[in-house]
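Report on the following structure.
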Amino acid sequence: MGFLQRCLARSLLQGQRSLGNPERLKPPLPTWGLLYSTGVPGLQERTLIAVKPDGVQRRLVGDVIKRFEQRGFKLVGLKLLQASEGILAEHYHELRRKPFYQELLRYMTSGPVVAMVWEGYNVVKTSRSMVGETNPAEAKPGTVRGDFSVHVSRNVVHASDSVETAQREISLWFRHDEIVDWDCCDHNVMYEL
Ligand code: DAT
Ligand code: MG
C-alpha cells in the first residue's frame, strides 16, 4: 500500500472508530482533498528560495532544503539551472542602479543556482527570518546566512521579501507546469484543521 493510501486508510479508520462514542455527532474528518478549503487561511502561501552559486559550489543545497522541510514547509517546485542574464536582470530590476549591480549579475551567472518554491502558512515572512539579514555580518547565528557566510556579496541564498514579490519571482523562475500541487500527509498534524 502506498504512502498516500495509508494516510487515507488511517483517516477513514479514525472516522469509523468515532462511531462508537459520543464524539460521533461531530462532522467527519475532512478528506485529504478538502484540507485546504477548511481551517487556517493562507496555507497555500508560496515563496521563491534560491541557493545561489556560492551555496551550490559549497554543497549547501541539502542543508537549505533540510531547514525548510524541518520547519514544516512543503516543497512544490525545484530545479537546478544556469541562470541567464535576462532572468537575473528581471529578478534584480530594482537594484539596477546600485554600484554592485554588475558584480551581482557576474556572481549570479558564475555557476548553477537551485531554485525552489516552498509553500505553507506565513512562508514568506518565516523564510526571511530563517535566511537572515542581507549582510551576513548582521545575520544571527541559526540563520542560513548567519551560519554559512561572512560577506554581503556571497550570501548563499535568496528569499522573496513579500507575498507580491514572491508571486512575481515564482512566475519568472517557474513555468506553471513546473509547480506540483500535492497533499502532504502531515498537514492535519501541522495545522489546526
Ligand atoms: P536580499 O537578498 O536580502 O533580499 P537585496 O534584495 O537588498 O537583499 O539585495 C539582493 C542581493 O544583492 C543581496 O542578497 C546581495 C546583493 N547585495 C545587496 N547589497 C549589496 C552590497 N552592498 N554589496 C554587494 N552586494 C549586495
Ligand atoms: Mg531582495
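What follows is calculated from the coordinates using simple rules that are stated; it is not laboratory data. The model shown is predicted, which means the values in this text are computed figures rather than measured ones.
Here are a few things to note about the model shown:
- Cα Rg over Rh - the stretch 81-160, Kirkwood: 0.97
- Relative contact order for the stretch 94-165, counting Cα pairs under 8 Å that sit 6 or more residues apart, in percent: 23
- Entries in K66/K98; K52/K74; K52/K125 that, when Cα-Cα distance is taken, lie over 25 Å: K66/K98
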